[in-house]
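This report refers to the structure that appears directly beneath it.
The values are calculated or read from the model by the stated rules, or taken from the named source; none is laboratory data. Treat the numbers as computed from the prediction; the structure is a model and nothing was measured. With ideal geometry, Cβ positions are generated from the backbone for all residues, glycine too; neighbour counts draw on all protein chains shown. SASA here: full protein model, heavy atoms, side chains in, ligands and nucleic acids out. Shrake-Rupley method; radii C 1.70, N 1.55, O 1.52, S 1.80 Å.
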Amino acid sequence: MPLPRLPIWGITAVVDAMPWWLLPLLMALLVGAVCPATGTLLVTQRRLLQANLIAHAVLPGLAVALAVGIDPALGGVVSGVLGALLAERLQRRDGRSHEAVMNTVLAGFLGLGVLLIPLLNLRLDLESVLFGDLLAVGTTDLGRTLVAAASLLLLVGWSYRSLVFLGVDPDGAAAVGLPVRSLRLALACVTALVVVSAMAAVGVVLVIALLCAPVLPGLQQVASLRAAMVRASLVGVALSGAGFALALLLNLPPGPLIGVACLGLLLPGAKLR
Amino acid sequence: MRSPSAEVAHLRAEGLAYAYDGKPALSNVNLSLEPGSLTALVGANGAGKSTLLHLLQGQLTPQAGGVWLGDQPIQRSRARVALMPQRGRIDWSFPITVREMVALGQVRGPRTTCCELDAALQRVGLLPLASRRLDALSGGQQQRTLLARALIQPAKVLLLDEPCAAIDPPARQQLLGLMRQLADAGYSLLVSSHDWGDALDVYDRVIVLDGRVKADGTPSAVRHALATLTDLGNHCCG
């Protein structure tokens, strides 16, 4: 069962009048813009591993939310952020390897989510959680992604210079008294929102590809974080649009095709031995 | 650029102690920085130099003793003490221009005016390179960018963590010349360093640290005092 969709009053009639491909295309373009912009922040803050953790840690929250009948996106966000906080706390408390703790929490939350599905008698299609179903997205999914985009804009608009400082010089940011932990928590929350909202379209696994791949080609050519975010978003929109069009032409699932296109983006110029 | 006003305060530490997970890093450290002085903080790796700088800036809280700027505890006046971090802690490939990096010095206060920014860049000789990306600069130019960022802060005391590490000798001379100019202009500078021997003569004062203050005085006095402590002297030669 894909994630349940909440009704958005007044929109249904408009959506019904649209060509069947327009809503999925809008979703693909929006996800293609929002994920790479968020990914640029994550890459420059060296928080990609945390984003990967969050993407996998949303599953227990989704399951519990479905079981108690609340919006599964809310459960996913809470669960994803809890996973990130737990990993950070464990790492700080014990001084253990950051990567080892992150990966262990990731595996633990993913396992818990998979266990909860039969334990709570849920009918949740794991394949759609992992790889998404772009052609089945609804207005609720679009709405969630717009909320994620708004939260990203809010974070960047409110804390742009602080995020730049934290990215280029974390010690210096702490030295001048910037609220480093609050900024990182805010970024984790926005990441969770973006991941959960993009899940319906491209799934948990492919969200990671869209968070990373469009960021990398231009990062060394731009002179500001803002320009890097815009450039990555444009690349992401082009990738998602092209992937969606190819999927229609070739009659293939668009989510995985966009993932493969992300990989293709990195290959030109690479020297394979 | 913000110049130090007449009310430059002394930075003073008394009985400082700090330990990591129960392992002592510093014990009973006492020092006072005079306005307008260029002081070297030398010691072997692990002697506690960076820990001391972070305590003096208020980023770490001592487990005993305290730090004051004038009459105020450092926690209330952190903005008036700038810490220039080790270059290994900076992400030099971050997409940022020299100008934007320097402007971060005022990230918490009102936005820096163009004049202030230009003055700081001019002072460290980087105004013509202001629009370049940070990773397009040489090591010495990058260090001068960090120094300009410290000058933008409303700070009278500059703590510099190994600013001359991993840069070539001409760049080092240029950086030391800048530090001297700043000290002459009234700033207090405490510079952690692996310098030893005659290289210390550029400083007004040298503090040798090895978990506690082993020697404190003019470069020649410190060299003389440490002549008997050969083991430490050997360690300090970085």
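Numbers for the structure displayed
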quantity: The stretch B:110-128, subset over 20 Å from the mean Cα position of the chain (by Cα) and open to solvent by less than 30 Å² (accessible area, probe 1.4 Å), residue farthest from the other protein chains (Cβ to nearest Cβ); calculated: B:LEU117
quantity: Residue list for the stretch A:219-237, filter: open to solvent by less than 60 Å² (accessible area, probe 1.4 Å) and in a helix (DSSP H, G or I); calculated: A:LEU225, A:ALA227, A:ALA228, A:MET229, A:ALA232, A:SER233, A:VAL235, A:GLY236, A:VAL237
quantity: Some residue of the stretch A:202-218 being of a type outside the set (A, V, I, L, M, F, W, C), surrounded by 16 or more Cβ atoms within 10 Å (Cβ to Cβ), away from chain B (no Cβ under 13 Å) and on the phi < 0 side of the Ramachandran plot; calculated: yes
quantity: Residue list for the stretch A:248-262, filter: in contact (Cβ under 8 Å) with a residue 24 or more places away in the chain and over 14 Å from A:PRO36 (Cα atoms); calculated: A:LEU248, A:PRO253, A:PRO254, A:GLY255, A:PRO256
quantity: Test for B:ARG132: is it open to solvent by 10 Å² or more (accessible area, probe 1.4 Å), closer than 24 Å to B:LEU11 by Cα, charged (D, E, K, R) and out of contact with any Ser or Thr (no Cβ under 6 Å at 6 or more places or on another chain); calculated: no
quantity: Residues located in the stretch A:118-136, provided they are more than 17 Å from A:VAL205 (Cα to Cα) and either open to solvent by less than 20 Å² (accessible area, probe 1.4 Å) or not in a helix (DSSP H, G or I) (or both); calculated: A:LEU120, A:ASN121, A:LEU122, A:ARG123
quantity: Leading residue by the ranking (nearest to the other protein chains (Cβ to nearest Cβ)) among those in the stretch A:147-169 that are open to solvent by 30 Å² or more (accessible area, probe 1.4 Å) and either closer than 20 Å to A:ALA209 by Cα or without any contact (Cβ under 8 Å) to a residue 24 or more places away in the chain (or both); calculated: A:ARG161
quantity: Extreme residue, nearest to A:GLY177 (Cα to Cα), among residues of the stretch B:87-104 that are more than 8 Å from chain A (Cβ to nearest Cβ) and under 18 Å from the mean Cα position of the chain (by Cα); calculated: B:VAL102
